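Note sheet for the following structure.
The values are calculated or read from the model by the stated rules, or taken from the named source; none is laboratory data. On a predicted model such as this, the values are computed, not experimentally measured, just so you know. Here Cβ is always computed from backbone atoms with ideal geometry, including for glycine, and neighbour counts include all displayed protein chains. Calculation scope for accessible area: heavy atoms of the full protein, side chains included, ligands and nucleic acids excluded. Shrake-Rupley method; radii C 1.70, N 1.55, O 1.52, S 1.80 Å.
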Amino acid sequence: MGLIIMVSSCNTSKYLREDQSIVVKNRILYEGEEDIDDKLTLTTDLNTFIQQEPNNNFLLIYPREYFYLKHSSPGDTSWFKNWLRNDIGEPPTLYEEQLSKSTATAMQQFLRNKKGFYKATVRQESQTYNKETLVDYIVNTNAQYRIGTIEYQGEDSLLLAKVKALKTTSLLKKGDPIDAFQFDKEKSRIVKALQNDGYSKFVDNYINIKGDSSNITKTIDIYFEIKNPVDDTRHRQYRIGQINVFTDYFKGQDSLKTSTISLGGNQLIRYNDEFILKPKVLNEFNALHTGDLYNKPNQISTFKKLSELDIYRFVSVNPYYTNDQDTIINYNIYLTPYENQWVSDFGVNVFYSTINDNGRQLLGLGGSASLTNRNLFKSGNTFSINTELTEEFQIFKRAGETNTQSAITFNLQSSLKIPRQYDLFGFAKTMRFLRIFNDDRYQKFEENTQTNISVGYNVQNIIDFYDIRSTNISFGYDYNPNQRTRVVMRQLGLELNSYSLFQNFLIAVQQNEFIIQSFTDNLLTGFLFRDVGYFYQSKNKTSGNYWAFIGNFELSGGEVFLANKIYNTVSDKNETWKLSNRYEYAQYARSELDFRLYRKPTKGSELAFRLNAGAAFPIANGQQIPYIKQFFSGGPNSIRAWQIRELGPGSYRDNTQPDIFFQQGDLKLEFNLEYRFDMFWWFEGAFFVDGGNVWVSELDPDRPGANFSSKFYDDIAMGIGYGLRLDFVYFHIRFDFGYKIRSPYVRPGLDTKWLGPSTFKGLGNVNVAIDYPF
């Protein structure tokens, strides 16, 4: 057993008494590991009992206890020293033998009482050098007892039969190791199944688990005892009785002024002259039905569906029992609507930014307006129309500069959100027929899907460079099976794009045929499938660690491509269809994957990692991926040492236009690592490393090095930097300053792609944005 010696320029030991030492590390060591099935999980569980955790380091280097001890003298009362002590520093973890012994005892009890290691022993040992203590917890588990037989007992024969029928899907099997947490999960599973079968008052206290052990075989026979209620000889199975829906409820409402109608077994009670939501529609969102057995998921589903409607400010679903009906459960559903059905919003934005290290300064002015109807046609539909107009222009034109940047952007978008699933072309039924959806998944899709319809018009005019005008229409679904998963799909999507290229742009791209072709007037189509996006975030652990995945796939022109091929085959022609002899049917497949990992090394800090990759390929020969669908790198949410579209493709560098960037590609690879930490008040800091690039899929003779190859790794650009963020609770304002440390090409006067501090200029590449980059 070795000693750990910490070397640091911050000498913490000089602030300690002779009899004090700081815990620098805890270790869990095993004797006789052969009896452990999952050592990693067991070690993780045992670590939760350690009471003396070592102190963390500020910026991963400086001991935080040093800042605390150094500035804890009676005279250290200035705000700066208080900030260093309380925000940067933390109280030192002083070694206490009694606490380590208490930890060892708690570990031993856990192993014996929760994990089936009935003869486990845990002892602690410590070694101290230079006032730094290493604590070892030596664990000898001995043999772990396992499950023998599993039996069920109880006086309520009807209920006992139902419990026994659940045995086929039990989480416990003969031969499994004894684990108290698995027994708790099994109890919860039984309770959930019974509650969904009408036993609304059945809880886990009615299940008592007993065991009969054998020292010879190291097994325990398990007995599930189903107890009766204290005041009854059996458990009651409940059915739903009366359902009262107060459609426009408010506190203090006079019940004498309400009127009631009966529809579908529900009593709909209104205060106003008219129903806010059509009664028939309201019943569609109510999964509770008179006469049905009590089912908890139906109660939750009713609350969820009604709460998701934009009409209601408050929703409450309250079950209640009556003394004269011992097997009936009734419901009062209270719905409190918003006062106004129509909602409008207006905004004006003014912003200033320095977008590159050459000091180009932009001033932006913008205005936006939106109008929303929360309950269109009294069917719970949400209709909204949004418009935004923004203009950016360069404030100062520098000496010798011929091209300045200014832009006008206009968006007009209307959308209709329908809180139910409309199966266009029988999509869901087809998925069910093809066995992609089983019955449960099909039902879940119907219950947790809303339909989205949108129409829009967009203009992006980079003055004197290019003008893009787009008209779009789409029909799709938003599917939320649970809180951590979301699937957004557009089944029907059409987007008509018109491009105008100006002389300055043609000069900037050096008349590059591949780039110009990506600006061809086109129509993006999807008649059976347009695109799908998948979003998943793992459960946030108590440690604050979690991960997320975002993926999307889109297909344009697939149906047109097949129809064109069939037409040419049948007619013996070789035609390429166009719309109105002008618009090319864009035919391509595009996918982008984004993986994110978050860890909390210390309280008040976070380590965030992202890996992003994308690829787009044309389906039809001779086509280029539309410019608006290509990938780019650089900017505040990408590689922050480079400006938007400055980087790539590959190792290509455009020396003719050093200040104007239109570089994009068909392939993208990026990675980001960021360390975030609290500073003081509402300020946060960050250090980051970014890397990546974009490439084209075809060889471009006008842009050497731009295409993807087996040596793509040599084209990776890298940047480092620091950030200052202002945390306003609901959003962050972010200032990131990036510096290039590796270029995808060798710069003039250098013999390597790596760049040193001598190339850093001022504040670097300044990025100003809202919220975290990932």
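Quick notes on this structure:
- Lysines with Cα under 20 Å of residue 761, excluding same-chain neighbours fewer than 8 positions away: 740, 753
- For 133, 41, the ranking by accessible surface with the largest value first comes to 41, 133, using a 1.4 Å probe.
- In terms of its Cα atoms, the range 150-211 spans 33, 20, 19 Å along the principal axes, sorted from long to short.
- Among the GluC sites (Glu not before Pro) in the range 538-607, those located in a DSSP loop and surrounded by at most 13 other Cβ atoms within 10 Å of their own Cβ are 575.
- For the range 145-174, applying the loop criterion from DSSP together with a ceiling of 16 other beta carbons within 10 Å to the trypsin sites (Lys or Arg not before Pro) yields 173, 174.
- Cross-link pairs 192/429; 167/541; 167/187 - those with Cα-Cα distance over 19 Å: 192/429; 167/541
- Model label sites at residue 314 and residue 256, defined 7 Å from Cα along the beta-carbon direction, differ in position by 2.4 nm.
- Here the Karplus relation 6.51 cos²θ - 1.76 cosθ + 1.60, evaluated at θ = phi - 60°, turns the backbone of the range 240-256 into coupling constants of 7, x, 7, 10, 9, 10, 8, 6, 9, 6, 9, 5, x, 5, 7, 5, 6 Hz, with x for every Gly and Pro.
- Accessible heavy-atom area order of 278, 668, highest first, probe of 1.4 Å: 278, 668
- Exposure rank, largest accessible area first [572, 771; 1.4 Å]: 572, 771
- Adding -39500 (n - 2.57) for every DSSP H run of four residues or longer, then dividing by how many residues the chain holds, sets the calculated 222 nm ellipticity at -4500 deg cm²/dmol.
- Straight-line reach from residue 39: taking Cα to Cα under 18 Å and skipping same-chain neighbours fewer than 8 places apart, the lysines in range are 114, 115, 119.
- In the context of the full protein assembly, residue 758 retains an accessible surface of approximately 110 Å², using a probe radius of 1.4 Å and ignoring ligands and nucleic acids.
- A Förster radius of 45 Å combined with the Cβ-Cβ distance from residue 86 to residue 296 puts the calculated FRET efficiency at roughly 0.45.
- Sites matching chymotrypsin sites (Phe, Trp or Tyr not before Pro) across the range 538-573 that sit in DSSP coil, with at most 13 neighbouring C-beta atoms within 10 Å: none
- Take the chain with all the other protein chains still there, run a 1.4 Å probe, and you get 53 Å² of accessible area per residue.
- R0 of 30 Å, Cβ-Cβ distance residue 223-residue 101: FRET efficiency to nearest 0.05: 0.25
- Were the residues from residue 113 through residue 511 laid out at 0.36 nm apart, the gain over their Cα-Cα distance would be 135.7 nm.
- Among the protein heavy atoms, those of residue 731 account for about 80 Å² of accessible surface (1.4 Å probe, every chain in place).
- Among residues other than residue 331 with Cβ under 13 Å from its Cβ, the summed charge is +1 (Lys and Arg +1, Asp and Glu -1).
- FRET efficiency, 1/(1 + (r/R0)^6) with R0 41 Å, evaluated for residue 535 and residue 768 via beta carbons: 0.95
- Separation of alpha-carbon centers, the range 274-301 and the range 409-483, rounded to whole Å: 26 Å
- Backbone N under 14 Å from the residue 72 label point (7 Å along Cα→Cβ), restricted to the range 579-604: none
- For residue 620, the residues whose amide H sits under 5 Å from its own are 587, ignoring neighbours fewer than 5 places away on the same chain, with H placed 1.01 Å from N.
- Accessible area of residue 94 (1.4 Å probe, protein heavy atoms only, ligands and nucleic acids ignored): about 50 Å².
- Where labels lie 7 Å past Cα in the beta-carbon direction, separation of residue 155 and residue 742 in nm: 7.4 nm
- The overall shape of the chain is oblate: from the C-alpha gyration tensor, with semi-axes ordered a ≥ b ≥ c, the ratio a/c is 1.5 or greater and a/b is no larger than b/c.
- Note on residue 305: aspartates and glutamates with a C-alpha under 13 Å away, same-chain residues under 8 apart excluded, are 284, 446, 447.
- Potential lengthening of the chain between residue 595 and residue 184 amounts to 144.6 nm, from the contour at 0.36 nm per residue minus the alpha-carbon distance.
- Links that overshoot a 31 Å alpha carbon limit, given the list 173/603; 164/218; 296/539: 173/603
- Subtracting the Cα-Cα distance of residue 433 and residue 565 from their residue separation scaled by 0.36 nm leaves 44.7 nm.
- Note on the chain: with neighbouring protein chains present and a 1.4 Å probe, carbon and sulfur make up 54 percent of its accessible heavy-atom surface.
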